[in-house]
Amino acid sequence: EPAVRLRAVRKVYGTGQAAVNALDGVSVDFPKGSFTAVMGPSGSGKSTLLQCAAGLERPTDGDVLLGGVRLGDLSETALTLLRRDHVGFVFQSFNLLPFLDAELNVALPLLLAGRRPSRKVTAGVLAAVGLADRARHRPGEMSGGQQQRVAVARALVTGPQVLFADEPTGNLDSGAGRAVLGLLRSMVDERRQTIVMVTHDPLAASFAGRVVFLRDGRLAGELAAPTPRVVA
Ligand code: ADP
Ligand code: ADP
């Protein structure tokens, strides 16, 4: 079964005259170990698709299945727990806490989950993103690319089934962006992580193995890259 499955997902924001069909019947699978880029014009529903797929928004109609679990069957509490344990997020703005160093930022999801963050785990994840020597640095003491790599480490520390990324390179220059994209690619290649990434940037999309296009809340097409181009 796929890591994430959307079946005829509709999402309507607002009511009556003001209703917006953000997603209008989207069915798509994200297989385990795949890296998919979601592209499309502004307002086409990319962020809404990501939020529904990640269980942050509930669809108006249709089903979202995460690891075979139908999110619509879960209470808010159960959904929160499933998200906490099985889903990672990376945003355009890195959302790091400025007063905590890199290692504590990475440890945060474990602390919030009531788990004891071991040095071995937090240091290991920081090493995996190439920041072993930045554990004691605070966000303000790091470059944008480094901060985003801390954000990726934070998203991966709980060992999530799926990593969702919304414009993860939107605030980075192209060099730093490539470093982050190469890191995401290696998570898929070496750890069979599943990644769904919204992006406007064709360079970013070229790191994914597959690109799905949205237009007006519907799937408008799809491209598979048999050999993803890695410009590292
Ligand atoms: P994209 O990420 O492709 O720019 P979005 O998913 O953000 O598209 O938005 C799709 C449509 O849904 C747009 O018309 C947007 O204005 C609308 N929309 C998104 N979020 C909300 C919201 N919270 N409330 C009302 N309308 C929204
Ligand atoms: P990355 O490889 O993460 O994209 P850069 O190439 O932007 O990082 O930066 C290279 C080096 O310059 C880094 O080791 C970092 O310590 C330093 N550096 C870059 N920008 C900043 C900044 N705004 N503040 C502090 N150090 C920075």
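All of A78, A37, A3 fail the test of being at pLDDT 95 or above, within 20 Å of P109 (Cβ to Cβ) and within 18 Å of the chain's Cα centre (by Cα), apart from A3. Selection within the stretch 110-131: residues that are more than 15 Å from ligand 2 (Cβ to nearest atom) and buried (at least 20 other Cβ atoms within 10 Å of the Cβ). The member of this set that is modelled with the highest pLDDT is T122. On the basis of being open to solvent by 20 Å² or more (accessible area, probe 1.4 Å) and within 30 Å of L203 (Cβ to Cβ), does L74 make the cut? For L74, the condition - open to solvent by 20 Å² or more (accessible area, probe 1.4 Å) and within 30 Å of L203 (Cβ to Cβ) - is not met. Does G68 satisfy the criteria of being in contact (Cβ under 8 Å) with a residue 60 or more places away in the chain and exposed (fewer than 14 other Cβ atoms within 10 Å of the Cβ)? Yes. The condition (being within 13 Å of ligand 1 (Cβ to nearest atom), over 18 Å from the mean Cα position of the chain (by Cα) and surrounded by 15 or more Cβ atoms within 10 Å (Cβ to Cβ)) is satisfied by just one residue among T60, T15, T48: T60. For the stretch 132-216, the helices (runs of 4 or more DSSP H) that sit wholly inside it and include 2 or more residues that are within 16 Å of ligand 2 (Cβ to nearest atom) and in contact with a helix residue (DSSP H, G or I) (Cβ under 6 Å, 6 or more places away or on another chain) are 144-156, 174-191.
Within the stretch 174-196, residues that are within 16 Å of ligand 1 (Cβ to nearest atom) sit with their Cβ atoms under 7 Å from residues that are not in a loop (DSSP other than H, G, I, E, B), at 6+ positions apart or across chains, in these pairs: V196/V4; V196/F30; V196/T36; V196/V38; V196/L50; V196/A53; V196/V162; V196/F164. Exactly one residue among F91, F35, F30 is under 25 Å from S186 (Cα atoms), in contact (Cβ under 8 Å) with a residue 60 or more places away in the chain, open to solvent by 10 Å² or more (accessible area, probe 1.4 Å) and among the hydrophobic types (A, V, I, L, M, F, W, C), and that residue is F91. Only residues that are over 22 Å from R84 (Cα atoms), in contact (Cβ under 8 Å) with a residue 60 or more places away in the chain and of a type in the set (A, V, I, L, M) were counted in the stretch 1-27, giving 3.
The values are calculated or read from the model by the stated rules, or taken from the named source; none is laboratory data. If you're wondering where the values come from, they're calculated on a predicted model, not measured in any experiment. Positions of Cβ are backbone-derived with ideal geometry, glycine not excepted, and every protein chain shown enters the neighbour counts. Accessible surface is based on the protein model in full, side chains and every heavy atom, while ligands, DNA and RNA are left aside. Shrake-Rupley method; radii C 1.70, N 1.55, O 1.52, S 1.80 Å.
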